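The values are calculated or read from the model by the stated rules, or taken from the named source; none is laboratory data. Fair warning: this is a prediction, and the values are worked out from it, not measured in the lab. Here Cβ is always computed from backbone atoms with ideal geometry, including for glycine, and neighbour counts include all displayed protein chains. Ligands, DNA and RNA are excluded from the accessible area calculation, which covers all protein heavy atoms including side chains. Shrake-Rupley method; radii C 1.70, N 1.55, O 1.52, S 1.80 Å.
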Amino acid sequence: MSKYYLNYLDELESEAIYILREVWAQFENPVILFSGGKDSILVTHLAKKAFYPSKIPFALMHVDTGHNFPETIQFRDDLVEKLGVKLIVGSVQESINNGRVAEEKGKNATRNALQITTLLDAIESNKVDCAIGGGRRDEEKARAKERFFSHRDDFGQWDPKNQRPELWNLLNGKHFEGEHFRAFPISNWTEMDVWNYIKRENISIPSLYFAHEREVVFRNNSWIPVSEYLKLEEGENVENKKIRFRTLGDITITGGIESDADTLGKIVQEVSAMRKTERGDRSDDKRSETAMEDRKKQGYF
Amino acid sequence: MIIDNNQLLRFTTAGSVDDGKSTLIGRLLFDSKSIFEDQLESVSNTSAKKGHDGVDLALFTDGLKDEREQGITIDVAYRYFTTPKRKFIIADTPGHIQYTRNMVTGASTANAAVILIDARHGVIEQTKRHSFIASLLNIPHLIVCINKMDLVDFSEEVYNGIVTQFEEFSSKLLMKDVRFIPISALLGDNVVNRSKNTNWYQDGTLLSTLETLHISSDINKIDARFPVQTVLRPQSEENRDYRGYAGRVASGIYRVGDEVAVLPSGFQSKIKSINAGEQEVQEAYAPMSISMTLEDDIDVSRGDMIVRKNNQPEMEQEFDVMLCWLANDAAKPRAKYTIVHTSHEERAIIKEVVYKMDINTFERDSENSNLSMNDIGRVKIRTTRRMMLDAYRDNRNTGSIILIDESTNETVAAGMVV
């Protein structure tokens, strides 16, 4: 009898596949929110397993801030072609051009918060009733409160104090016209679980996650990549460093770490010895104690 | 780290205000080295700002803005840590507000419940309530931590007194595996590290207990139940005739060649193939997500259940459940709700409240038929069509239901089939 149990990675995989299938069964027009980061790549990989031998029945939706790593866009396009799925792009630049949002001003300006409007617009105009995200509860204290099926009102807002209880594996995705859901199939995975699984399944991920030489400047305790969007400040020097990225966001705000980890095996080893959280190098979370909660309530990922 | 064969253990923590639940979780995370430097730094700063001596471990579990401002937990939060032996998921449930609702939620998927008792106060009303819910939700393992032992001089006598007190009242509850541990969450005694102050206590620390609980048999491996979530019909040329029934095995074991029946129709067939993702396998067991094909071309859709020919659940249209009411608006007799059971949905009415449970005294009140928020009672439910049910005691996955209010779409009740 004892051999009939799953190890923790298989159990997490099974749970995520169950949730993806529930999304497909309960919603009319679900999409996967695809950023090109490892978590959304993982969700896409799990979706492939969930519906095999059928194709993934969801479109990938990418909210494009215009401040991308070129490698991320290339990776996205290759994956879409390989899987034969539809790609929907919501463009922050277009939202700016249309006057839906205004570019932030000042020295730490980013397009991070602007994505909320573009995301909600894309959800509305494409009549999406469930957007599947790669959010994990271990990432951040507001995300620790997320349900697998998370309700959004007709303004796209999250009300963390008034969520539907989620009991056993019974997921309630019922909603009224205009409302939508966010689904988080990898809620229970930690950063370490994600890496262990990517290694086990040998999932391909953007080269940015592996150690490589790059021109960077040291800012806010991490190595920010040099790009056309980066304005050098006084006293900042461009250096050439061997770095890799632990998470991928906009090129303007994603800090790299010095590293020699150039294989999945070395990354797993490195991450397991890390003494800082993954989002510790993300300036979008550093703005205030409740930066993530505030954005999430408005409709952020 | 070689952790390939490690299991996942989910546990819930229950305690009342000020019994040190947040401190205990903080201590578990801290002593098992699951806290990162930036988290530690942020908590140290907040501790200093609040004027605490040293690091206030309870702050590690802080969540939403309102929770931090008010110093309370509003909603279930999930915490994660891993040791070389296991991965753990903690469902951290609040001690007061909407207590039943939150604890039932956290308890519904838990392998174990950790209940805290303040050594100075012994068993109080809340301890009974927590234990009752743990037993009602059929959590397989219960760990009673007698906390704040440092404040009673680590007295064996005090500890034994509380154990006896607990055993006396809990004899009325159905619980399989109960353990007691004397701890001090604040100082770390018997949480991760063995205490030097309790030489009279021979059993494991809290962490070593959690690491060694035997959880492989928590899932029913006897009664094979496979609720169909969706049907896979690939549009490609080479798979034209493929019909894969996708779902998560709720309980039991399925093998290629097994004689099965599809409920509710009762049509019989044999399992032709089983897939776990792209991989074809010979057998599948709970809680694997799989897809299977059958030898015969019969009508199977979402909400159906594939079971063994000679081991089938009850098919009922009227049945009793223990119902926890979760919504602000009280249960309305004769009102229609959507009932969800595995992947199967029907419409249902509450025909009758048989009795309401007093969760402090465990007494049944059959005069009172009003179920409002956080109440628990036994009710008779009638559904539009037959449901494929097992008793919750035998099968947590096929013995549980929720009710959804059709006018608000809210989940208003959680039920366990009696």
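Below is a table of values for the structure above.
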{"quantity": "Quotient of C-alpha Rg and 2.2 N^0.38 Å, computed over segment B:7-218", "calculated": "0.96"}
{"quantity": "Between helix B:125-136 and chain B: long-axis angle, C-alpha atoms, 0 to 90°, nearest 10", "calculated": "30 degrees"}
{"quantity": "Choice from A:I32, A:I253, A:I203 showing the highest fluctuation, given a GNM over chain A with Cα pairs closer than 10 Å", "calculated": "A:I203"}
{"quantity": "Accessible area per residue, Å², chain A with all protein chains present, probe 1.4 Å", "calculated": "40 Å²"}
{"quantity": "For the protein assembly as shown, fraction of C-alpha pairs farther apart than 53 Å, in %", "calculated": "9 percent"}
{"quantity": "Spin-label pair B:E280/B:F36, simplified geometry with 7 Å Cα→Cβ offset, distance in nm", "calculated": "4.4 nm"}
{"quantity": "Length-normalised contact order of segment A:205-281 in % [C-alpha pairs under 8 Å, at least 6 apart]", "calculated": "34 percent"}
{"quantity": "Which of B:I222, A:I17 is most accessible, then next, and so on - probe 1.4 Å", "calculated": "B:I222, A:I17"}
{"quantity": "Pair B:D177, A:K161: separation of 7 Å Cα→Cβ label points (nm)", "calculated": "3.9 nm"}
{"quantity": "Accessible-area value, B:T209, 1.4 Å probe, nucleic acids and ligands omitted, Å²", "calculated": "10 Å²"}
{"quantity": "Of A:K127/B:K270; B:K172/B:K221; A:K141/A:K174; A:K145/B:K50; A:K55/B:K65; A:K38/B:K50, pairs whose Cα-Cα distance is over 32 Å", "calculated": "A:K127/B:K270; A:K55/B:K65; A:K38/B:K50"}
{"quantity": "Exposure ranking of B:R364, B:R179 by accessible area [1.4 Å probe, largest first]", "calculated": "B:R364, B:R179"}
{"quantity": "Pair B:R334, A:S272: separation of 7 Å Cα→Cβ label points (nm)", "calculated": "6.4 nm"}
{"quantity": "Residue-level accessible surface for A:I73, protein heavy atoms, 1.4 Å, Å²", "calculated": "40 Å²"}
{"quantity": "Those residues of segment B:217-250 for which accessible area with every protein chain present is at least 40 Å² below the isolated value (1.4 Å probe)", "calculated": "B:K221, B:Q229, B:T230, B:L232, B:R248"}
{"quantity": "Tilt relative to chain B, helix B:156-170 - C-alpha long axis, 0 to 90 degrees, to 10", "calculated": "30 degrees"}
{"quantity": "Contact order normalised by residue count of chain B, Cα under 8 Å, 6+ apart, percent", "calculated": "12 percent"}
{"quantity": "Dipole-positive endmost among B:G252, B:N275, B:Y242 within segment B:225-308 (Cβ charges, Cα centre)", "calculated": "B:G252"}
{"quantity": "Extension gain from A:E104 to A:Y229, taking 0.36 nm per residue of separation minus the Cα-Cα distance", "calculated": "43.7 nm"}
{"quantity": "Whole-percent carbon and sulfur share, accessible surface of the protein assembly as shown, 1.4 Å", "calculated": "45 percent"}
{"quantity": "GluC sites (Glu not before Pro) within segment B:225-300: DSSP coil, no more than 12 neighbouring Cβ in 10 Å", "calculated": "B:E278"}
{"quantity": "Sequence-distant lysines (8 or more away, or on other chains) whose Cα lies within less than 16 Å of A:K49", "calculated": "A:K82"}
{"quantity": "Residues with amide H under 5 Å from that of B:Y355, placed H, sequence gap 5 or more", "calculated": "B:R378"}
{"quantity": "Under 5 Å, built H, 5+ apart or other chain: amide partners of B:L294", "calculated": "B:K272"}
{"quantity": "Contact order normalised by residue count of chain A, Cα under 8 Å, 6+ apart, percent", "calculated": "20 percent"}
{"quantity": "List of segment B:26-41 residues, accessible area with partners at least 30 Å² below that of the chain alone (1.4 Å probe)", "calculated": "B:F36, B:E37, B:D38"}
{"quantity": "Interface A:B - total buried accessible surface [probe 1.4 Å, Å², rounded to 100]", "calculated": "6600 Å²"}
{"quantity": "Per-selection Rg to Rh, segment A:46-126 - Cα, Kirkwood hydrodynamic radius", "calculated": "1.06"}
{"quantity": "J(HN,Hα) series, segment B:346-353, from Karplus relation 6.51 cos²θ - 1.76 cosθ + 1.60, nearest Hz, glycine and proline x", "calculated": "9, 9, 9, 10, 8, 6, 6, 8"}
{"quantity": "Simple Cβ-charge dipole of the protein assembly as shown, Lys/Arg +1 and Asp/Glu -1, about Cα centre, in debye nearest 20", "calculated": "720 debye"}
{"quantity": "Those residues of segment B:84-123 for which accessible area with every protein chain present is at least 40 Å² below the isolated value (1.4 Å probe)", "calculated": "B:K87, B:R101, B:T105, B:S108"}
{"quantity": "Diffusion constant of segment B:322-418 at 37 °C, which comes from Stokes-Einstein with the Kirkwood Cα-pair radius and 0.692 mPa s, µm²/s", "calculated": "244 µm²/s"}
{"quantity": "Potential extension, A:K3-A:N237 segment - 0.36 nm per residue separation minus Cα distance", "calculated": "78.5 nm"}
{"quantity": "On Cα atoms only, tilt of B:37-49 relative to the major axis of chain B in degrees", "calculated": "50 degrees"}
{"quantity": "DSSP bridge pairs, the protein assembly as shown: antiparallel proportion in percent, nearest 5", "calculated": "70 percent"}
{"quantity": "Neighbourhood charge, 13 Å Cβ-Cβ cut-off, centred on B:R120 and excluding it, Lys, Arg +1 and Asp, Glu -1", "calculated": "-4"}
